[in-house]
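Everything below concerns the one structure shown next.
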Amino acid sequence: MLKYLMAKNEDIPPGSAAVYFGFSAITWFVIGTGLGAFNAAKLAFPDFVTGLEFLSFGHMRQVHVHAVIFGWISMAFGMAMMYITPALGNTRLWSEKLGIWNAFLWNVGLSLGLTVLWFGMTSGREYSDFPWFIDLYIVAFIAVPLGINVWMTIIHRRTQGIYTTNWFFGAATFMLIIVFIVGNLPEYFHLTGLTEAYLTWWFAHNVLGLWITPVAAAIAYYTIPKVTGNPLYSHRIGHLHFWSVVVFYSTPAAHHLMSAPLPEWLKSFASVEGVLILVPAIAFVSNILLTMQGKWNMFVENLEVRFTVTGCLMAIPLNMQGGFQQTRAINWYIHGTGWIVAHAHLALLGFSTFLEAAAVYLGLQTIMKRKLYSLTLGNIHFWLLLIGFTTYWVSMTIAGLIQGAGKIYEVPYIDVVIAEHPYMIARWIGGSLVFTGNCIWLYNMWMTARAGTVVPEGRMPHELAYER
Amino acid sequence: MNFREYKIGARFFALALGGSMTITLLMPSFDINNVSATEVAMDKQLWAGAESGFNLDDPFLLGWHKPLKVLLKTDPKTGQPMEPTYAYVYEKGTTFPGGVLHPDNLGGIAKQLSIEKGRIKEASKNVGAVFLVKADEQKHYYIENATATMGWTPEAVEKAAGDENTLHAAAGKTLFVREGCWWCHTLLPEQTQDWQVFGAPPMLGDFNGESPTAFGSDRKAPDLLHVGSRNASKEWMMLHFFNPRLVQPHSIMPRFDYLWGPVDANGKKIDFPKWRAEYNEYREGKRITPPEVPMYARNSEIRSLIDFVLTLK
């Protein structure tokens with residue numbers, strides 16, 4: 001891929017940027033989940049690898065979070081945008097060279113950012129942990145070039161209308177830039193106190209709500225109709241989904257600070273808006289599941305559909321939790337417990353990851369014109385991810401309920417730690433399964449590029465039979 | 001983008017996102033900016049300094065250019081005994097906290113008193129300054145620049161206090177951020193049941209000038225906002241940081257023995273492998289007592305971290 005950095009745009013084969021993004025994303029996924037499993041082992045066994053500052057939990061935890069969010073999830077989004085945006089516009093990517101540079105600078109910047117975080121150079125603000133020079137780098141060399149490529153491809157499309165997926169891609173890349181600039185204002189202008197605390201969570205909420213959730217959903221809007229051959233059930237519901245994300249998902253930031261002394265009107269407002277997140281959620285899930293009408297056999301038979309529909313089904317408990325756990329009636333019990341950790345993993349490792357994994361499977365096979373090397377390895381990947389994640393989610397939810405009970409009944413804290421111990425071990429096992437699955441995936445994709453069956457011109461990969 | 005629908009859509013999109021940001025950013029900012037700093041906020045920003053996360057004064061979070069909190073028992077000018085008072089020492093070149101740099105941040109009467117009675121606008125980074133938190137007769141708290149009002153210089157105050165009465169709490173907060181303590185320990189007792197165990201939840205004006213607030217979100221360990229009031233033992237803290245299992249066998253906290261640095265208080269090299277081997281023997285029942293934890297050096301990182309924890313009253 002690096003040889004294309006200096007090539008002329010017209011000499012770069014179409015889809016190269018998407019392949020670069022796709023393999024980078026899988027590699028970051030392996031790194032990110034490996035770090036996650038390592039950190040989980042430390043919570044289960046505190047003397048596992050001890051006495052070294054740079055292998056301590058406090059130095060590694062944020063590296064795991066950012067490797068997964070900005071490496072895996074966001075680069076998988078980049079892959080999806082490089083591949084799906086031109087496909088839906090019946091055109092080529094506006095600039096393949098910009099895409100290649102974007103992926104290259106993304107990997108360089110993220111490596112640099114994770115290294116400084118690892119050494120402890122942090123802003124001390126959760127989810128916006130990167131120091132401000134990395135934030136500026138992300139805006140200038142990651143978010144803006146990605147946005148320009150997506151917007152210009154949409155503008156230069158050769159279709160009349162714009163399909164649902166591309167509304168989301170175009171809007172989410174724009175909103176990511178706004179969120180990154182505004183959410184990091186405390187670092188540029190040294191804002192302090194509650195302003196700083198509130199903006200921290202404004203950023204954390206919106207980077208999930210206006211970037212990760214809508215783009216993941218947009219991917220499903222492409223994958224399911226494309227692979228099943230069914231048209232999208234309803235564009236009207238798609239409209240409802242899009243507009244309610246912008247209106248409802250962008251407003252409840254304060255519900256992350258329900259126990260902080262923020263103005264009460266703000267917390268009440270955020271809480272009500274938080275329940276309204278169910279509007280885009282239900283619109284999305286029903287739209288995708290209804291699109292599956294008559295093709296439910298593919299949920300069993302086709303890997304990409306199975307990944308996507310599993311992710312959509314996980315959006316149901318995710319949004320039921322998300323809508324209600326932030327109300328005062330429930331939040332006082334589970335705030336700050338492992339329940340929230342389980343919920344965050346349901347959003348990123350459950351819902352979102354499954355949708356992106358499908359897009360990366362589908363996109364890489366289509367662009368490289370190679371059938372997936374091994375169905376067996378693909379199935380093993382799916383089940384390791386699903387079983388590993390479920391183990392993680394169930395154990396952390398139970399641990400969270402124990403912590404919540406310990407909190408309100410004022411149990412001495414150490415008794416809570418003792419009670420949680422078995423669930424910490426289960427969490428580590430779940431995380432390790434996910435990590436193992438991803439190593440297998442990377443191997444499978446690498447072998448697909450090298451030895452996958454060639455897909456003939458004009459055919460989709462899922463129309464061919466597997467050979468292994 | 002030639003469709004009329006897309007032009008309308010783009011305008012609605014701007015309206016929706018702009019409206020959302022007006023309600024969630026602009027409107028709360030009026031409320032939050034109208035809050036006056038409390039005594040807690042003045043104390044906290046003065047001992048913690050301008051910024052505990054990444055900043056150009058201390059890019060590697062090593063505790064460079066940080067203020068000191070000292071307990072004065074003698075007057076630094078006359079040497080006469082005086083009522084014990086906490087003073088905040090900003091040596092030359094140390095950036096002042098938000099409330100001093102931007103008195104608007106203190107808000108209302110606190111701003112007025114700090115400027116008029118406290119003379120904080122006369123403080124200069126090029127000479128350094130010593131600050132106090134004072135109250136007038138009506139119990140209105142304000143920041144006083146003791147360098148301007150009483151002629152206390154940073155050097156004289158440090159000398160009068162002595163090392164045993166000096167707290168490196170600001171450098172300690174930097175370590176709290178760098179070492180990721182806040183991934184497990186919150187600094188925010190919740191407004192529901194928490195105040196009975198972890199102390200009073202903070203008030204609206206308790207954070208003015210502090211950055212980062214490091215509330216934490218995932219409480220895998222006890223809240224620390226008032227930990228210095230619950231446990232003020234330096235010895236306990238020392239054992240607990242070196243190896244938490246020494247004082248709490250079920251703790252899952254990591255060991256922070258690496259913060260001791262290479263040598264102990266007497267300048268003797270600390271033999272970590274030997275300590276760990278002996279500790280393992282103790283754990284396996286081959287020794288009756290655990291090996292002794294070395295006393296930390298005065299300028300070690302662990303000293304500032306313990307000073308920070310004990311400052312959280």
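Selection over region B:121-157 of residues that are open to solvent by 70 Å² or more (accessible area, probe 1.4 Å) and in a helix (DSSP H, G or I) gives a count of 3. When region A:57-109 is limited to residues that are β-branched (Val, Ile, Thr) and open to solvent by less than 10 Å² (accessible area, probe 1.4 Å), the one that is nearest to B:VAL177 (Cα to Cα) turns out to be A:ILE69. The residues listed here are A:TRP101, A:TRP94; of these, the one that is part of a loop (DSSP other than H, G, I, E, B) and either modelled with pLDDT of 95 or more or more than 30 Å from B:THR213 (Cβ to Cβ) (or both) is A:TRP94.
Quick one: which residue in A:PHE57, A:PHE38, A:PHE29 is within 11 Å of another protein chain (Cβ to nearest Cβ), of a type in the set (Phe, Trp, Tyr) and under 30 Å from B:PHE215 (Cα atoms)? Working first, answer last.
On the way: A:PHE38 fails: within 11 Å of another protein chain (Cβ to nearest Cβ); A:PHE29 fails: within 11 Å of another protein chain (Cβ to nearest Cβ).
Just a single option satisfies the conditions, and that option is A:PHE57.
Taken across region B:104-113, residues that are at pLDDT below 95, in contact with a helix residue (DSSP H, G or I) (Cβ under 9 Å, 6 or more places away or on another chain), within 11 Å of chain A (Cβ to nearest Cβ) and not in a loop (DSSP other than H, G, I, E, B) do occur, with at least one present.
Kindly provide the set of residues from region B:282-299 that are open to solvent by 80 Å² or more (accessible area, probe 1.4 Å) and either assigned to a helix (DSSP H, G or I) or at positive phi (or both), ordered by number.
Filtering region B:282-299 down to residues open to solvent by 80 Å² or more (accessible area, probe 1.4 Å) leaves B:283-284, B:286, B:288-289, B:292, B:295, B:298-299.
Hit for region B:282-299 is B:ARG283, nothing else.
Could you list all residues from region A:225-266 that are of a type outside the set (S, T, N, Q), under 18 Å from B:PHE215 (Cα atoms) and within 8 Å of chain B (Cβ to nearest Cβ)? Those that are of a type outside the set (S, T, N, Q), under 18 Å from B:PHE215 (Cα atoms) and within 8 Å of chain B (Cβ to nearest Cβ): A:ALA253, A:ALA254, A:HIS256, A:LEU257, A:ALA260, A:PRO261, A:LEU262, A:PRO263. Only residues that are facing chain A (nearest Cβ under 7 Å), small (Gly, Ala, Ser) and either without any contact (Cβ under 8 Å) to a residue 60 or more places away in the chain or not in a loop (DSSP other than H, G, I, E, B) (or both) were counted across region B:187-220, and they come to 1. Remark: A:PHE54 matches the filter, which requires a residue to be surrounded by fewer than 24 Cβ atoms within 10 Å (Cβ to Cβ) and at pLDDT below 95.
So that you can scan it fast, the table gives a plain yes or no per residue for (1) open to solvent by less than 60 Å² (accessible area, probe 1.4 Å); (2) modelled with pLDDT of 95 or more; (3) in a helix (DSSP H, G or I):
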residue: A:PHE284; (1), (2), (3): yes, yes, yes
residue: A:LEU313; (1), (2), (3): no, yes, yes
residue: A:PRO317; (1), (2), (3): yes, yes, yes
residue: A:ALA329; (1), (2), (3): no, no, yes
residue: A:GLY336; (1), (2), (3): yes, no, no
residue: A:ILE340; (1), (2), (3): yes, yes, yes
residue: A:HIS343; (1), (2), (3): yes, yes, yes
residue: A:LEU346; (1), (2), (3): yes, yes, yes
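Scanning region B:226-249 for residues that are surrounded by fewer than 22 Cβ atoms within 10 Å (Cβ to Cβ), in contact (Cβ under 8 Å) with a residue 12 or more places away in the chain and assigned to a loop (DSSP other than H, G, I, E, B) gives B:HIS226, B:ALA232. The residues listed here are A:TYR409, A:TYR392; of these, the one that is at pLDDT below 95 and among the hydroxyl-bearing types (Ser, Thr, Tyr) is A:TYR409. When B:TYR258, B:TYR279 are screened for being more than 28 Å from the chain's Cα centre (by Cα), of a type in the set (Phe, Trp, Tyr), open to solvent by less than 50 Å² (accessible area, probe 1.4 Å) and modelled with pLDDT of 95 or more, only B:TYR279 passes. Taking region A:356-414 as the range and being open to solvent by 30 Å² or more (accessible area, probe 1.4 Å) and outside any helix (DSSP H, G or I) as the test, the residues that pass are A:LYS369, A:ARG370, A:TYR373, A:TYR409, A:GLU410, A:VAL411, A:PRO412. Residues that are touching a Phe, Trp or Tyr at 6+ places or on another chain (Cβ under 6 Å) and open to solvent by 10 Å² or more (accessible area, probe 1.4 Å) were ranked within region A:17-36; the one that is nearest to A:TYR443 (Cα to Cα) is A:TRP28. Taken together, the residues in region B:27-73 that are free of Cβ contacts under 8 Å to residues at least 12 places away in the same chain and away from chain A (no Cβ under 11 Å) amount to 1.
Within region B:60-112, the residues that satisfy the criterion of being of a type in the set (Lys, Arg), surrounded by 15 or more Cβ atoms within 10 Å (Cβ to Cβ) and over 13 Å from B:GLY128 (Cβ atoms) are B:LYS69, B:LYS111.
Among the residues of region B:200-213, is any of a type in the set (S, T, N, Q) and either surrounded by fewer than 24 Cβ atoms within 10 Å (Cβ to Cβ) or under 28 Å from B:ARG298 (Cα atoms) (or both)?
yes
The condition (being under 30 Å from B:THR192 (Cβ atoms), among the small types (Gly, Ala, Ser) and touching a residue at least 12 places away in the same chain (Cβ under 8 Å)) is satisfied by just one residue among A:ALA329, A:ALA342, A:ALA359: A:ALA342.
The values are calculated or read from the model by the stated rules, or taken from the named source; none is laboratory data. None of the values given here were measured: they were computed from a predicted structure. Methodologically, a virtual Cβ is constructed for each residue, glycine included, from the backbone with ideal geometry; neighbour enumeration extends over all protein chains shown. Just so you know, the surface numbers come from the protein's heavy atoms only, side chains and all, with ligands and any DNA or RNA stripped out. Shrake-Rupley method; radii C 1.70, N 1.55, O 1.52, S 1.80 Å.
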